[in-house]
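Quick notes on the structure that follows.
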Amino acid sequence: MNRIVYSFFLYLMFPLVILYLAFRAIKSVDYRHRWSERFGFTKLMPTDVLIHCVSMGETLAAIPLIKQLMTAHPDDTFTITTTSPTGSAEVLKAFGDTVQHCYLPFDFSYAIKGFLRQIQPKVCIIMETELWPNLVYFAARQQVTLILANARLSQKSANKYAKKRRLAVPMLNKLNLITVQTQREAERFIDLGVEAQRIHVCGSVKFDLTIDPIKKQQAIALRAEWHRVNSPIWVAGSVHPGEFEAILTAHKQLLSHFPDALLIMAPRHPEQFNLAAITVTQSGLTLARRSMNDEVNAKTQVLLGDTMGELVMLYGAADQAFIGGTLINNGGHNPLEPAAMGLPVYVGPNHWDFAEITQLLADAGALTCISSADELAQELQNKFTDNNMYQSASTAALAVVEQNRGALLKQFTLINKLIV
């Protein structure tokens, strides 16, 4: 399949795109607005630098890099795009009206051409692996400098690209710079036909995260407020439907050994909050909802983290963490935030989106891969029982994060040279 065939099939899928948005709008009010941006019908101003951040995780990782670039180029204008409401909220929270922000239009030729014609960027920075053939093609045709930053390429994604070489390889070869997280990912890009001199291994900017001291203080205060200073607390962060039952099963097993244990369950998406609450209630466990300011008392067994932007703080109020999206066929989420808080971390077998980071943590003894609720319960129990085992994993987690810092400076240096 080449780009023209891809574009044709994309137009055929137009009704399905409408149905997708309508379905998401039913589940989440945030998807009911700003459709004009998604189809390229919004009015925008010209910009110097376009940065596409996809969703919340990529946006949070990109914010320090963007701030450095804005400081280095105070006379340039910046436009930041996302595809999700959660990512959009993080952009507005971090930058307010100092940048132009909108959703990136779907990759329909007419929408992307109109979008690029309006904003006229000199440089386009795409975070991680959010590559769209028409975006790359029409940006290159406008002689935009194209950068893929903090790039991830799992073996699974590389195999998909390999099956569509006529579409993928021309797109990849239009990128002027690719900064990858690991040498293994660099080799995958090279195997796909990308010139080695355009690829630079920098590590992941996600290691350069800084935990706000205020969030740490809030976490300590919360734990005291809950009267759980000495109680076992664990977080199941960024969990999805299909994982809720396993998490609750593990917690029930933990409660049989530690009756005062508290689970903080934080679903990945806002539209999943109510389903999570119903699942907890139906399981027979005592629930408090963070969004409703429910009291967390001695009888509370599960706190539902159904708010946005608080997950890092909730990790700080806990002792151990499980990362969601790994017990289902999803690919997982970033395990570094709890690691940076010094928490032993657990993931399921489906963690390919963060395979290298997961392996680093596992090799150091900071992370354990589990395959079932029973295994998760046993691992949690082991570390709540054996303080030496717990401290060893906690120290290893902090060490891995600290030892791998520096990617932000490397990527900034490379990207800054291309912004003139």
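Among the residues of the stretch 27-52, which ones are part of a loop (DSSP other than H, G, I, E, B) and under 14 Å from F78 (Cα atoms)? Before you say what the answer is, go through the steps one by one.
First, pick out the residues of the stretch 27-52 that are part of a loop (DSSP other than H, G, I, E, B): 28, 33-34, 39-48.
Matches in the stretch 27-52: L44, M45, P46, T47, D48.
The requirement of being in contact (Cβ under 8 Å) with a residue 40 or more places away in the chain, outside any helix (DSSP H, G or I) and touching a Leu at 6+ places or on another chain (Cβ under 8 Å) is fulfilled nowhere in the stretch 53-75; no residue meets it.
Filtered by the rule that a residue be open to solvent by 40 Å² or more (accessible area, probe 1.4 Å), in a helix (DSSP H, G or I) and within 22 Å of K113 (Cα to Cα), the stretch 1-24 gives R3, I4, V5, F8, F9, Y11, L12, F14, P15, L16, I18.
So that you can scan it fast, the table gives a plain yes or no per residue for (1) modelled with pLDDT under 95; (2) more than 29 Å from the chain's Cα centre (by Cα); (3) over 24 Å from G332 (Cα atoms); (4) among the aliphatic types (A, V, I, L, M):
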{"position": "S231", "(1), (2), (3), (4)": "no, yes, yes, no"}
{"position": "S256", "(1), (2), (3), (4)": "no, yes, yes, no"}
{"position": "Q282", "(1), (2), (3), (4)": "no, yes, yes, no"}
{"position": "Q301", "(1), (2), (3), (4)": "no, no, yes, no"}
{"position": "G305", "(1), (2), (3), (4)": "no, no, no, no"}
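If you go through the stretch 342-356 and keep only what is of a type outside the set (G, A, S) and open to solvent by less than 10 Å² (accessible area, probe 1.4 Å), you end up with L343, P344, V345, Y346, V347. Filtering the stretch 177-187 to residues that are open to solvent by less than 10 Å² (accessible area, probe 1.4 Å) and closer than 17 Å to D353 by Cα leaves T179, V180, E185, A186. Which residue out of M308, M292 is without any contact (Cβ under 8 Å) to a residue 60 or more places away in the chain, open to solvent by 10 Å² or more (accessible area, probe 1.4 Å), of a type in the set (A, V, I, L, M, F, W, C) and farther than 20 Å from E379 by Cβ? Testing whether each residue is without any contact (Cβ under 8 Å) to a residue 60 or more places away in the chain, open to solvent by 10 Å² or more (accessible area, probe 1.4 Å), of a type in the set (A, V, I, L, M, F, W, C) and farther than 20 Å from E379 by Cβ leaves just M292. On the stretch given as the stretch 25-53, residues that are touching an Asp or Glu at 6+ places or on another chain (Cβ under 7 Å), open to solvent by 20 Å² or more (accessible area, probe 1.4 Å) and over 17 Å from Q120 (Cα atoms) total 1. Out of all the residues in the stretch 157-194, which are of a type in the set (D, E, K, R) and touching an Asp or Glu at 6+ places or on another chain (Cβ under 9 Å)? Within the stretch 157-194, R184, E185 meet the criteria.
If you go through the stretch 341-373 one residue at a time, how many are touching a His at 6+ places or on another chain (Cβ under 8 Å) and either under 18 Å from S157 (Cα atoms) or not hydrophobic (A, V, I, L, M, F, W, C) (or both)? Before you say what the answer is, go through the steps one by one.
Restricting attention to the stretch 341-373, the residues satisfying the condition of being touching a His at 6+ places or on another chain (Cβ under 8 Å) are 353-354, 358, 369.
If we keep only those that are either under 18 Å from S157 (Cα atoms) or not hydrophobic (A, V, I, L, M, F, W, C) (or both) too, we end up with 353-354, 358.
The number of residues fulfilling the criteria is 3.
Among the residues of the stretch 339-356, is there at least one that is within 22 Å of the chain's Cα centre (by Cα), charged (D, E, K, R), in a helix (DSSP H, G or I) and under 20 Å from P232 (Cα atoms)? No: the stretch 339-356 contains no residue that is within 22 Å of the chain's Cα centre (by Cα), charged (D, E, K, R), in a helix (DSSP H, G or I) and under 20 Å from P232 (Cα atoms).
On inspection, N297 fails the criterion of being at positive phi, surrounded by fewer than 24 Cβ atoms within 10 Å (Cβ to Cβ) and modelled with pLDDT under 95.
A Cβ distance below 8 Å, combined with a sequence gap of six or more or placement on separate chains, defines the contacts here; from the stretch 271-285, residues that are without any contact (Cβ under 8 Å) to a residue 40 or more places away in the chain and of a type outside the set (A, V, I, L, M, F, W, C) reach residues that are open to solvent by 80 Å² or more (accessible area, probe 1.4 Å) and not in a loop (DSSP other than H, G, I, E, B) in the pairs T279/E245; S283/E245; S283/K252. Counting the residues of the stretch 360-409 that are open to solvent by 50 Å² or more (accessible area, probe 1.4 Å), among the hydroxyl-bearing types (S, T, Y) and in a strand (DSSP E or B) gives 0. Only a single criterion out of (1) in contact with a Ser or Thr (Cβ under 9 Å, 6 or more places away or on another chain); (2) open to solvent by 20 Å² or more (accessible area, probe 1.4 Å); (3) farther than 21 Å from S204 by Cβ is not satisfied by G57, namely (3). Could you tell me how many of the residues in the stretch 156-176 are touching a residue at least 24 places away in the same chain (Cβ under 8 Å) and either in a helix (DSSP H, G or I) or open to solvent by less than 10 Å² (accessible area, probe 1.4 Å) (or both)? Residues that pass the stated criteria total 14.
So, restricting to strands (runs of 3 or more DSSP E) that lie completely within the stretch 188-285, which ones have at least 2 residues that are open to solvent by less than 20 Å² (accessible area, probe 1.4 Å) and not charged (D, E, K, R)?
Numbers: elements: 199-201, 233-239, 262-267.
In the stretch 188-285, 233-239, 262-267 are the strands (runs of 3 or more DSSP E) which contain 2 or more residues that are open to solvent by less than 20 Å² (accessible area, probe 1.4 Å) and not charged (D, E, K, R).
The values are calculated or read from the model by the stated rules, or taken from the named source; none is laboratory data. Source: prediction; values computed, not measured. For neighbour counting, all protein chains shown are included, and Cβ atoms are generated from backbone atoms with ideal geometry for every residue, glycine included. Just so you know, the surface numbers come from the protein's heavy atoms only, side chains and all, with ligands and any DNA or RNA stripped out. Shrake-Rupley method; radii C 1.70, N 1.55, O 1.52, S 1.80 Å.
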